[in-house]
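To start, the structure under review is shown below, and the notes come after it.
The values are calculated or read from the model by the stated rules, or taken from the named source; none is laboratory data. Keep in mind that what you see is a predicted model, and the values were worked out from it rather than measured. Here Cβ is always computed from backbone atoms with ideal geometry, including for glycine, and neighbour counts include all displayed protein chains. Quick note on the areas: whole protein, heavy atoms, side chains included, nothing else; ligands and nucleic acids left out. Shrake-Rupley method; radii C 1.70, N 1.55, O 1.52, S 1.80 Å.
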Amino acid sequence: MTQFFGQLADALERDGAAVLATIVTAEGSAPRMAGARLFVRGDGQSFEGTVGGGILEARVLDACRAALNDGLARLLTFDLSADEAAGSDMICGGRVRLYVEPLRDSSCPHLAPLLRQADRLTMQGRRCVLVNMLHPDAAPDCRRLLLTGEGQGAEASGDLTLEPAELAELRDAVATASGPLCVEAGGLSLLADPVASPGRVVIAGAGHVGRQVALMASLAGFRVTVLDDRPDFARADRLPGADEVRCVTPGGDWLEGLGMHEDCYVVIVTRGHRNDGEVLASALRTPARYVGMIGSRRKRDAVYRRLEEAGTPRAAIERVYSPIGLDIGAETPEEIAVSIVAELVQARAASRVRHAVPPMQAVTALDVPGRA
């Protein structure tokens, strides 16, 4: 599965140029949060990503095409009043600031590999921060620094170099950021942009519900792995939303060898209580952010009792979302999948909010002048 930055790298290498637009701050009822992105390919027409649609996105696309033509970066402010938003059929108003940066493969040959590295790391659940220089109203310096890890295990790569003390100061500034920050380091104005992991959904069970959850989780931007112990069910051709399909050994550890991490979400929808209990016991031994199991409360309680009798701590069992999914009165496999994926999105959003920098900190830190 290629994520946003991998697609940007492909566009740079294929077309030789692209323009990246990133929401740096968002206030009020803006349609997207800070960190939302899109890029326009070198043809000036096709693009990937979104900054909210409607009149805002139309203006941003125009700015990207202008940047593609004149080669100048832009720091833009869009102040959409409630009246203007309503008049353009937008539900949201608010004030949004974006950095629009034209990129050329010939002038930044190290950029595409670095972008792909960022995608690979986030797909593994590792936190990354991409750092670039802010040059509004000028030809951009597209050198990048990629920060990965934390504390003693932290690493830095890329062609933007800082002194050790400056690098340490930068790390401290972005340690808990979940949205872009404008920081000063080494006399440079820098945009530090955390790259969010899409989250990995591991679905145990490839039946009617599992199949629909795979499709909808993929549409919601998750990376999807589907497991089943039935060869006829564990087939990629019947699971179009899955990035990976595995046929597991009956009676074995379904999650063995998956490299589970804290940005994983386990959805247990196997064909029977016994399998559900085995997968649940395994999932509770992992650092997965979310563990959910389908079934009635009666079934849930029976599975819980067996786990406790086998020595699973009650505190671990209390992590489980069961009955799984938001209570929306779902009945069909498709409706149940909607309720499950909605709960996954809710859990993912809550994890990002917990690590977010207070909005005013991001706003006050951004004092680089730019065009309105």
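The residues in region 318-343 that are within 21 Å of Arg271 (Cα to Cα), in a helix (DSSP H, G or I) and not small (Gly, Ala, Ser) can be counted, and the count is 7. Does region 222-229 contain any residue that is in contact (Cβ under 8 Å) with a residue 12 or more places away in the chain, within 23 Å of Asp263 (Cβ to Cβ) and outside any strand (DSSP E or B)? The answer is yes; a qualifying residue exists.
Answer yes or no: is there a residue in region 190-213 that is open to solvent by less than 20 Å² (accessible area, probe 1.4 Å), under 24 Å from Leu115 (Cα atoms) and free of Cβ contacts under 8 Å to residues at least 40 places away in the same chain. The answer is no, given that none of the residues of region 190-213 is open to solvent by less than 20 Å² (accessible area, probe 1.4 Å), under 24 Å from Leu115 (Cα atoms) and free of Cβ contacts under 8 Å to residues at least 40 places away in the same chain. Please enumerate the residues belonging to region 270-318 that are within 32 Å of the chain's Cα centre (by Cα), open to solvent by less than 80 Å² (accessible area, probe 1.4 Å) and of a type in the set (D, E, K, R). Of everything in region 270-318, those that are within 32 Å of the chain's Cα centre (by Cα), open to solvent by less than 80 Å² (accessible area, probe 1.4 Å) and of a type in the set (D, E, K, R) turn out to be Asp276, Glu278, Arg289, Arg300. Of all the listed residues (Val267, Val245), the sole one being closer than 25 Å to Arg116 by Cα, modelled with pLDDT of 95 or more, of a type outside the set (Ser, Thr, Tyr) and surrounded by 16 or more Cβ atoms within 10 Å (Cβ to Cβ) is Val245. Filtered by the rule that a residue be at pLDDT below 85, open to solvent by less than 20 Å² (accessible area, probe 1.4 Å) and part of a helix (DSSP H, G or I), region 57-85 gives a lone residue, Ala85.
Against the test of being modelled with pLDDT of 85 or more and of a type in the set (Asp, Glu), the options Asp137, Asp229, Asp141 yield a single qualifying residue, Asp229.
The requirement of being at pLDDT 90 or above, more than 30 Å from Ala214 (Cβ to Cβ) and crowded, with 17+ Cβ neighbours inside 10 Å is fulfilled nowhere in region 4-11; no residue meets it. Please determine whether any residue of region 343-360 is at pLDDT 90 or above and either open to solvent by 70 Å² or more (accessible area, probe 1.4 Å) or over 20 Å from the mean Cα position of the chain (by Cα) (or both). Within region 343-360, one or more residues are at pLDDT 90 or above and either open to solvent by 70 Å² or more (accessible area, probe 1.4 Å) or over 20 Å from the mean Cα position of the chain (by Cα) (or both). For region 94-104, taking the residues that are open to solvent by less than 20 Å² (accessible area, probe 1.4 Å) and out of contact with any Gly (no Cβ under 6 Å at 6 or more places or on another chain), the one that is modelled with the lowest pLDDT is identified as Val96. Can you find a residue that is in contact (Cβ under 8 Å) with a residue 40 or more places away in the chain and in contact with a Ser or Thr (Cβ under 7 Å, 6 or more places away or on another chain) anywhere in region 310-323? The answer is no; no qualifying residue exists.
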